[in-house]
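The values are calculated or read from the model by the stated rules, or taken from the named source; none is laboratory data. It should be emphasised that the depicted structure is a prediction, and the values quoted were computed from it without experimental measurement. Because the Cβ atoms are built from the backbone with ideal geometry, glycine has one as well, and the counts that use them run over all protein chains shown. Accessible surface areas use protein heavy atoms only, side chains included; no ligands, DNA or RNA. Shrake-Rupley method; radii C 1.70, N 1.55, O 1.52, S 1.80 Å.
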Amino acid sequence: MLVEENRISYHGSVRKVYERIKADGMTNIWERYEAQGMGGDPDRRCPFCQAGARCDLCSNGPCRADASKDKRGVCGITADGMAMRMMLLRNVMGASTYHYHTAQTIRTLRATARGETPFRISEEGKLRSFAQRLGIDSSGPVEDLALKLCDFVEKDFNREYGQPSRIVELLAPPERQQLWKELGIFPGGIYNEMMRATSSCLTNVDGNYASLALKAMKLGVAMAYQSQIVNEYCQDMIFGIPRPHNMRVDLGVLDPDYVNILPNGHEPFLGFALVQLARGEEWQEKARQAGAKGLRVIANIEAGQEMIQRWDMDDVLYGFTGNWIMQEAVMASGCVDVFVSDMNCSMPIDPIYAEKYRFRLIPVSDLISFEGVTERIEYTPEKASEQAAQLLEMGIDNFKERRSKVTPVTGLPYSKAMVGFSTESILDALGGKLDPLLDAIRSGTLRGVAGLVSCTTLRDTGQDNHSIAIAKELISRDVLVLSMGCGNGAMQVGGLCSPEAKELAGPGLRSICEALGVPPVLSYGTCTDTGRLADLLAAVSEGLGGVALPDLPVVATAPEYMEQKATIDAVFALALGLHTHVNPVPTVTGAPNLVRLLTQDCRGITGGLLNVETDSTKAVDMMMEHIESKRRKLGI
């Protein structure tokens, strides 16, 4: 059976609740994963599927391809074309989902500027500085400026094919822009790029793996600058720039004697509205009258990550549970009253858990739907307070039934992680300039920097095992890690975002942690913060005298990538020119020319390279070889 302890999770809390799930006879992600295996191997799948050499896009299929025999699809497409076409379709799904979030953020910012939401523009300086970077006149009332910013970015999103994106022109490093123009991958508006990428994947349109790979990179560039950077910076304007503070993490933040409302997904809007209301004594008294000790909003997955990066913990925003594979464990804890599902990371199995463990499952996005669930609230910025109040009432109404009929899992642990790092807060910690960080890199105290942008997966190892192994290996070799995505949840719950984790770091990194009072892994946000990281790297490049991004002692790693967003992040990292480690091995192994392009030839095209080593020590060996070669090239 897969359900050996080491294949469940790195985290003891999850392993403990798994025992409850198993005792209750509940279907669960671990046993479903094992059931998909073949020949007694939980990780083995159809060899054609696992190699990316299959296609079912038309009625002549499904087809299988074998590059060694030049066996092609009915239309004549090669194994390379099949694998890259499917990769591009995944990229489109990832980019479109990222941009859906961005569109909702702009919608919220516009309504907030008009005074129609419970939110306010809390970071006027961020608004004015970002507007200046985009060439917008930043004078005048803050509300008017926010509306001008919304108009500007929406116009750019819709820019026609062949019209270069102004956002990319104004934000991306000049050296990258020139290269992207030479390669024909400088994007226009993201809506047109998504349309053209999708259309290219139609049967008998583009079967050329190299062409499809370039289109993927073009889409990745559009996504990073137009979706990710715009999204996170505009969320900063409303909800605050992330700044370092402590946060309770792990399943022990769930107390069965409280009404617990869990925002889940990627959009934090209703989560913030819930906290604002729940901090009022009126709502706490309602919860006490229902027999609870009080009312709490518990941050969950990436919506929760957006929240905890920006707002301090208290007895209402009490803590953060973890990443998406913990979802069934969270639900089976017997502590949940309302599970609020926005546009990402809510599992189709959730209704079965809602029925068993007596909580309300409420979709709050038009994208989300569950079989058998008809109750829903679709987020509307102008109605955010009203909708949050509905959700709080649901939780209070649910408490008595849940508390009387479900035995909770008790004794679950929690710890504290330092969260809330951003470019601004890193600069603040360094005295307002990047110079101390750059000096540490020049001197060799820090060998380099790694951006860990990851999901979490069960393939090959249990939840978060591989991510934590990679991070521990990197920090032991004096590489500072900036963590994002569900991988960030792994770092937080796994203890690596605690200042005490400095003891696991090499001597150089440890000295920096001690001097600044920070952990060796900096909690840098969600997967959407990949764009924020790219912006930071551009600042590092400039600070080192205009060093080209591919020549920086920097790597990207996705130790446990899982879904479609992660694939477009990796493609963007290649376009940015980064050494990019991904695990598990992507489903392209049946495409030899594509494998060679990604793992070898790409270095001569963009400067980037895909590292697909599955052993954590060997993978970091390869990353360190890259970092040290770049240090030698820079003469440091």
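For segment 209-226, residues that are in contact with a Gly (Cβ under 7 Å, 6 or more places away or on another chain) and either modelled with pLDDT under 95 or under 21 Å from A131 (Cβ atoms) (or both) total 2.
Residues in segment 354-370 that are free of Cβ contacts under 8 Å to residues at least 60 places away in the same chain, of a type outside the set (S, T, Y) and outside any loop (DSSP other than H, G, I, E, B): A354, E355, R360, L361, I362, P363.
Residues considered: G420, G448. Of these, the only one that is surrounded by 20 or more Cβ atoms within 10 Å (Cβ to Cβ), touching a residue at least 24 places away in the same chain (Cβ under 8 Å), in contact with a Lys or Arg (Cβ under 7 Å, 6 or more places away or on another chain) and over 25 Å from I8 (Cβ atoms) is G420. Of the helices (runs of 4 or more DSSP H) lying entirely inside segment 1-81, those containing at least 3 residues that are more than 24 Å from I468 (Cβ to Cβ) and touching a residue at least 40 places away in the same chain (Cβ under 8 Å) span 47-51. Condition test on V571, is it within 23 Å of W180 (Cβ to Cβ), open to solvent by 10 Å² or more (accessible area, probe 1.4 Å), touching a helix residue (DSSP H, G or I) at 6+ places or on another chain (Cβ under 8 Å) and assigned to a helix (DSSP H, G or I)? Judged against the criteria, V571 is a match. Touching a His at 6+ places or on another chain (Cβ under 8 Å) and not polar (S, T, N, Q): does that describe V555? Yes, satisfied. Looking at (1) touching a Phe, Trp or Tyr at 6+ places or on another chain (Cβ under 9 Å); (2) open to solvent by 20 Å² or more (accessible area, probe 1.4 Å); (3) under 18 Å from T456 (Cβ atoms), which is the only condition W324 fails? Only one criterion in (1) touching a Phe, Trp or Tyr at 6+ places or on another chain (Cβ under 9 Å); (2) open to solvent by 20 Å² or more (accessible area, probe 1.4 Å); (3) under 18 Å from T456 (Cβ atoms) is unmet by W324, namely (1).
Applying the condition of being under 20 Å from V168 (Cβ atoms) and in a loop (DSSP other than H, G, I, E, B) to segment 124-137 and asking which residue is most open to solvent (accessible area, probe 1.4 Å) yields G135. If you scan segment 30-61, which residues turn out to be open to solvent by less than 20 Å² (accessible area, probe 1.4 Å) and either farther than 20 Å from V595 by Cβ or over 29 Å from the mean Cα position of the chain (by Cα) (or both)? Matches in segment 30-61: W30 only.
Of the residues that make up segment 176-183, is at least one over 17 Å from T102 (Cβ atoms) and among the polar types (S, T, N, Q)?
Residues of segment 176-183 that are over 17 Å from T102 (Cβ atoms), as a first pass: 176-183.
Imposing the further condition that a residue be among the polar types (S, T, N, Q) reduces the set to 177-178.
Yes, segment 176-183 contains at least one residue that is over 17 Å from T102 (Cβ atoms) and among the polar types (S, T, N, Q).
If I filter segment 403-424 for residues that are in a helix (DSSP H, G or I) and under 23 Å from the mean Cα position of the chain (by Cα), do I get at least one hit? Yes, some residue in segment 403-424 is in a helix (DSSP H, G or I) and under 23 Å from the mean Cα position of the chain (by Cα).
Looking only at residues in segment 371-392 that are free of Cβ contacts under 8 Å to residues at least 24 places away in the same chain and in a helix (DSSP H, G or I), the one that is least open to solvent (accessible area, probe 1.4 Å) is Q390.
Return yes when V330 is under 14 Å from E267 (Cβ atoms), aliphatic (A, V, I, L, M) and under 25 Å from the mean Cα position of the chain (by Cα) and no when it is not. Answer is no for this residue.
Please work out if G607 is assigned to a loop (DSSP other than H, G, I, E, B) and surrounded by fewer than 19 Cβ atoms within 10 Å (Cβ to Cβ). Against the criterion (assigned to a loop (DSSP other than H, G, I, E, B) and surrounded by fewer than 19 Cβ atoms within 10 Å (Cβ to Cβ)), G607 does not qualify.
If we keep just the residues of segment 153-208 that are outside any helix (DSSP H, G or I) and of a type in the set (V, I, T), which is most open to solvent (accessible area, probe 1.4 Å)?
Of segment 153-208, the ones outside any helix (DSSP H, G or I) are 158-165, 172-173, 184-189, 201-208.
Filter again for of a type in the set (V, I, T), leaving 185, 203, 205.
Working: I185: 2, T203: 41, V205: 88 Å².
Here the answer is V205.
Scanning segment 85-99 for residues that are open to solvent by 10 Å² or more (accessible area, probe 1.4 Å), touching a helix residue (DSSP H, G or I) at 6+ places or on another chain (Cβ under 9 Å) and not basic (K, R) returns M87, L89, V92, M93, S96, T97. Filter segment 233-252 down to the residues that are in a helix (DSSP H, G or I) and either modelled with pLDDT under 95 or touching an Asp or Glu at 6+ places or on another chain (Cβ under 6 Å) (or both), then identify the one that is farthest from L598 (Cα to Cα). It comes out as M237. Answer yes or no: is there a residue in segment 280-297 that is crowded, with 24+ Cβ neighbours inside 10 Å and free of Cβ contacts under 8 Å to residues at least 40 places away in the same chain. The answer is yes, given that some residue of segment 280-297 is crowded, with 24+ Cβ neighbours inside 10 Å and free of Cβ contacts under 8 Å to residues at least 40 places away in the same chain.
Does segment 64-77 hold any residues that are open to solvent by 20 Å² or more (accessible area, probe 1.4 Å) and more than 13 Å from T589 (Cα to Cα), and which are they? First the steps, then the outcome.
Residues of segment 64-77 that are open to solvent by 20 Å² or more (accessible area, probe 1.4 Å), as a first pass: 64, 66-72, 74-76.
Passing the criteria: R64, K69, D70, K71, R72, V74, C75, G76.
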